[in-house]
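Step one of this worksheet: look at the structure below.
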């Protein structure tokens, strides 16, 4: 199999609105989330996502409590903006809100970068033309070319 990177490394962003943090203390470690309203995430048939953290080689997974469970990142971010609670999203999904002060990030030291997305395909000589075009486009994109 051959792997082609299709994104940069990713990083989780644990966020809530400034108004939420005016009424609730900021969590300092993942277990503190058990005392907060968190916006749950359902991943298809896999059930509720248990939030994953890592710091200094120590991995922690937390099944967070909360008033709402959603399966759409945009809705989770909107719920956080509306003060519903703390959301787990990718940093790039909340970057503009963080930059404008509409969201506040917490537990940043517990969210190290992790490998992004890759496309995997078999190393055959004769690829279907569509797959070959996609692979070539992704390779050029990775090099900063259009």
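Figure legend. Inter-residue proximity from the stretch 1-29: first residues at negative phi and surrounded by fewer than 13 Cβ atoms within 10 Å (Cβ to Cβ), second residues part of a strand (DSSP E or B) and modelled with pLDDT of 95 or more, beta-carbon distance below 7 Å, spacing 6+ or different chains. Indicated pairs: 18/104. Number of residues in the stretch 30-60 that are part of a helix (DSSP H, G or I) and either over 17 Å from the mean Cα position of the chain (by Cα) or in contact (Cβ under 8 Å) with a residue 40 or more places away in the chain (or both): the value is 7. Exactly one residue among 116, 83 is in a loop (DSSP other than H, G, I, E, B) and closer than 28 Å to residue 6 by Cβ, and that residue is 116.
State yes or no: is residue 112 in contact with a helix residue (DSSP H, G or I) (Cβ under 8 Å, 6 or more places away or on another chain), within 28 Å of residue 17 (Cβ to Cβ) and either surrounded by 17 or more Cβ atoms within 10 Å (Cβ to Cβ) or touching a residue at least 12 places away in the same chain (Cβ under 8 Å) (or both)? Outline the logic, then answer.
Working: in contact with a helix residue (DSSP H, G or I) (Cβ under 8 Å, 6 or more places away or on another chain): no; within 28 Å of residue 17 (Cβ to Cβ): yes; either surrounded by 17 or more Cβ atoms within 10 Å (Cβ to Cβ) or touching a residue at least 12 places away in the same chain (Cβ under 8 Å) (or both): yes.
So residue 112 fails the test.
Condition first: surrounded by fewer than 18 Cβ atoms within 10 Å (Cβ to Cβ) and under 16 Å from the mean Cα position of the chain (by Cα). Now tell me which residues in the stretch 80-90 satisfy that. Once the filter is applied, which keeps residues that are surrounded by fewer than 18 Cβ atoms within 10 Å (Cβ to Cβ) and under 16 Å from the mean Cα position of the chain (by Cα), the stretch 80-90 yields only 90.
The values are calculated or read from the model by the stated rules, or taken from the named source; none is laboratory data. Not measured: the values here are computed from a predicted model. Cβ atoms come from the backbone with ideal geometry, glycine included; neighbour counts cover every protein chain shown.
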